[in-house]
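First the structure, in the form of structure tokens, and then the observations on it.
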Amino acid sequence: MLKPAYDKVLVLALATPVLVLTVLLARTPSKGSGAPVSAQFWAERRSASRIEARLTHPEADRYRPRMSAGGCPVAPEPIPLRDLARLEEAGDLSGIASAYALQGEWNQAASFLERMPASPDRDSDLAAVYLARGAHEQALRLLDGVLKAQPKHAQAMWNRALVLQAMGLTMKAADTFEQVALMGEPGWSREAKANAREQRDATMERARRWKEAREATLALVDDPQAPLPLEAARKDPGIVRQAFYEVVRAAPSKERVLALLPLAQELDRGHGGSTLADYVKRVSGRNFTRRGALSREYASLVRGKLNQPDKLLERVLASGEDDLFLGTAQHTRATRRMFSQVVERAKRQNDPWFNLYIEREEAIRETAEGQWWKAEQRIFNALQRCREGGLSARCVDLELRLGILYADLQRLTEGEQHARAAWAWARQLREWDMEFTALEALAAITRSRGDFASSRAYVEEWSARGHVNCVWPRENLAHTYYLDNRMDDARREVDANAACKNEPLSLLFAVNLAELSRTRPKPGDEALLRQALTWADHSNPMPSDAVYARYVEGRFLLDSDRARGLALLRQTITEAEALPRGIHWRARPGR
């Protein structure tokens, strides 16, 4: 018969196994306690496990096919304490942690992992705990450290793929699973390949749907015989509507415009009202003897084949063809330069789509003037109207703008919340292009709050999706590496950024170069800096950007021409004092 004291230990063990483990060791007879746990112990743990993460303990990492449990989940059997006691006595804390992790008892697993010294294996397992808790930032930071030390650490690679997948970074997750598959591990390799295919296919399906809907609509610009994308208008109305305006503007005759009426009516059915049908009828009544030539030029502008788009902007402004002016102003990025004309002519359209666009631009103007509270309220009000009107694609854009506003104000938690909401919304609506903008915003926001691992992951996902832009990922990786005090990595990215062909250098490139030239200088840095600042003078609409550019140049010159550098910095202080309060310069997301 058991002694009463031992009996109490077993009663406590049913409720708190970790708490009593040490007590059990004291009460357990020493005979045979040093024997290793049985193979059956690990077989039972693996067979009951439903976790996706990989663990580094050899017994816990044997491949096991995972199948859906179905129905109600069944609680696992308690772990035999005698086996845990043997692992403890053998000093196998990794084994104890793995046993608990296989049961999904992550808090208990963490308590033993945290007693172990840091190592690649320990950190990979601890990252699995953070993943299970939804703490993706901490998991990613640990796994990046492991893979920097051991680039072929199979468990860390697998777990990083899971973290990226949980964050929605599916293309980079697929890339990482494919790296695991190449290692040829029995079972794991096959599952990694299947996971990669699943993640990649689901992501590229959204891209395919967006591209097909958009191209089917834009085909009407060149081919009057192209079929109307009525089915796409029903399934992806936001994508089709954005391209529909381009088609109407580019139509060179009354007949071509009226042929679009069934598509306008289909889009109106989805959003309610008759806005687009009224637009088609209104345009069809214009004088095409004059408008026809402008529309043909606009078609060339849409296709990127017009040599002097600013000339077209002047002509459509004088023509009274308001819709052509609005489209040309957007294509030539003249909206903010000609803001009063844009607002006036957009309001004449009597189209909620354009009204929301104007609200967005008004908010950007108010932000530049330091009246951020007006911009905030304007976007909130516009979002409310947008949701009520069912103009989902415009809502994603406004949600992103709100996130960027909060990021400018260094209200990073709120900024990230809205940027994530916009990204989730864009994925749901298959607004592929807006997904890129959301990734840009999230990369900037997470970097601003010091989460460099997540920021790099967002940039890597952006690149893994096949965007042709060379500059954006290089300049953002360089800035993140610089802030993370990884100067050699930062310099490598700056040099790659400078080598990008046919793409202008940006103010962020100048920032990176000015900082790195102090510790990692190279010949030709000053010429590159001046090239970037010259372009920035013509491309940045925010007043604070011009002042910041002056600061960057002054900082760069401190070592080579101290007097000139100090003069520029003093000028920066004077100009900054005159700026509206509340807005700071930063690497602003959005193309």
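The figures follow:
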quantity	calculated
Cβ-Cβ under 7 Å pairs, at least 6 apart or on other chains, the stretch 106-126 side more than 18 Å from Val163 (Cα to Cα), far side open to solvent by 40 Å² or more (accessible area, probe 1.4 Å)	Gln108/Val18; Ser111/Val18
One residue from Ser463, Ser560 being of a type outside the set (A, V, I, L, M, F, W, C), open to solvent by 20 Å² or more (accessible area, probe 1.4 Å) and over 28 Å from Leu147 (Cβ atoms)	Ser560
Cβ-Cβ under 6 Å pairs, at least 6 apart or on other chains, the stretch 171-187 side in contact (Cβ under 8 Å) with a residue 24 or more places away in the chain and of a type outside the set (A, V, I, L, M), far side outside any loop (DSSP other than H, G, I, E, B) and open to solvent by less than 70 Å² (accessible area, probe 1.4 Å)	Lys172/Leu164; Lys172/Glu460; Lys172/Glu461; Lys172/Ala464; Asp175/Ala464
Within the stretch 305-342, tally of residues that are part of a loop (DSSP other than H, G, I, E, B) and either exposed (fewer than 15 other Cβ atoms within 10 Å of the Cβ) or not β-branched (Val, Ile, Thr) (or both)	11
Residues within the stretch 559-589 that are modelled with pLDDT of 90 or more and in a loop (DSSP other than H, G, I, E, B), tallied	1
Some residue of the stretch 389-400 being under 25 Å from Gly273 (Cβ atoms), under 14 Å from the mean Cα position of the chain (by Cα), at pLDDT below 95 and outside any helix (DSSP H, G or I)	no
The stretch 430-453, residues that are assigned to a helix (DSSP H, G or I), under 18 Å from Leu142 (Cβ atoms) and of a type outside the set (Val, Ile, Thr)	Phe452, Ala453
Any chance Arg345 is open to solvent by 20 Å² or more (accessible area, probe 1.4 Å), over 22 Å from Ala219 (Cα atoms), in contact with a Phe, Trp or Tyr (Cβ under 9 Å, 6 or more places away or on another chain) and assigned to a helix (DSSP H, G or I)	yes
The stretch 212-226: number of residues that are among the polar types (S, T, N, Q) and open to solvent by less than 20 Å² (accessible area, probe 1.4 Å)	1
So Gln242, is it polar (S, T, N, Q), within 26 Å of the chain's Cα centre (by Cα) and either surrounded by fewer than 23 Cβ atoms within 10 Å (Cβ to Cβ) or closer than 30 Å to Pro58 by Cβ (or both)	yes
All positions within the stretch 227-237 that are open to solvent by 10 Å² or more (accessible area, probe 1.4 Å) and either assigned to a helix (DSSP H, G or I) or of a type in the set (A, V, I, L, M) (or both)	Leu228, Leu230, Glu231, Ala232, Arg234, Lys235, Pro237
Meets criteria (at pLDDT 95 or above, open to solvent by 30 Å² or more (accessible area, probe 1.4 Å) and in a helix (DSSP H, G or I)) for Arg269	no
Test: residue in the stretch 410-424 that is touching a Gly at 6+ places or on another chain (Cβ under 6 Å) and surrounded by fewer than 21 Cβ atoms within 10 Å (Cβ to Cβ)	no
Failed item, numbered, when Gly370 is tested on (1) in contact (Cβ under 8 Å) with a residue 12 or more places away in the chain; (2) outside any loop (DSSP other than H, G, I, E, B); (3) not charged (D, E, K, R)	(2)
The stretch 140-183, subset polar (S, T, N, Q) and either under 13 Å from Glu461 (Cβ atoms) or open to solvent by 10 Å² or more (accessible area, probe 1.4 Å) (or both), residue farthest from the chain's Cα centre (by Cα)	Gln150
Which numbered condition Thr367 misses (of (1) at pLDDT 90 or above; (2) open to solvent by less than 30 Å² (accessible area, probe 1.4 Å); (3) not hydrophobic (A, V, I, L, M, F, W, C))	(1)
Sole residue being open to solvent by 50 Å² or more (accessible area, probe 1.4 Å) and either closer than 15 Å to Ala299 by Cα or assigned to a helix (DSSP H, G or I) (or both), chosen from Arg208, Arg249	Arg208
Which listed residue, of Gly71, Gly104, Gly32, is modelled with pLDDT of 85 or more and at positive phi	Gly104
Lone qualifier among Val163, Val129, Val146 - being at pLDDT 95 or above and under 22 Å from Ser47 (Cα atoms)	Val129
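To keep it simple, each residue is scored yes or no on (1) open to solvent by 10 Å² or more (accessible area, probe 1.4 Å); (2) in a helix (DSSP H, G or I).
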{"residue": "Ser455", "(1), (2)": "no, yes"}
{"residue": "Val459", "(1), (2)": "no, yes"}
{"residue": "His467", "(1), (2)": "yes, no"}
{"residue": "Asn476", "(1), (2)": "no, yes"}
{"residue": "Tyr482", "(1), (2)": "yes, yes"}
{"residue": "Ala490", "(1), (2)": "no, yes"}
{"residue": "Asp495", "(1), (2)": "yes, yes"}
{"residue": "Lys501", "(1), (2)": "yes, no"}
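The values are calculated or read from the model by the stated rules, or taken from the named source; none is laboratory data. What you are looking at is a predicted structure, and each value in this text was computed from that prediction instead of being measured. Cβ: placed from backbone, ideal geometry, glycine included. Neighbour counts: every protein chain shown. What goes into the accessible areas is simple: the full protein's heavy atoms, side chains included, and nothing from ligands, DNA or RNA. Shrake-Rupley method; radii C 1.70, N 1.55, O 1.52, S 1.80 Å.
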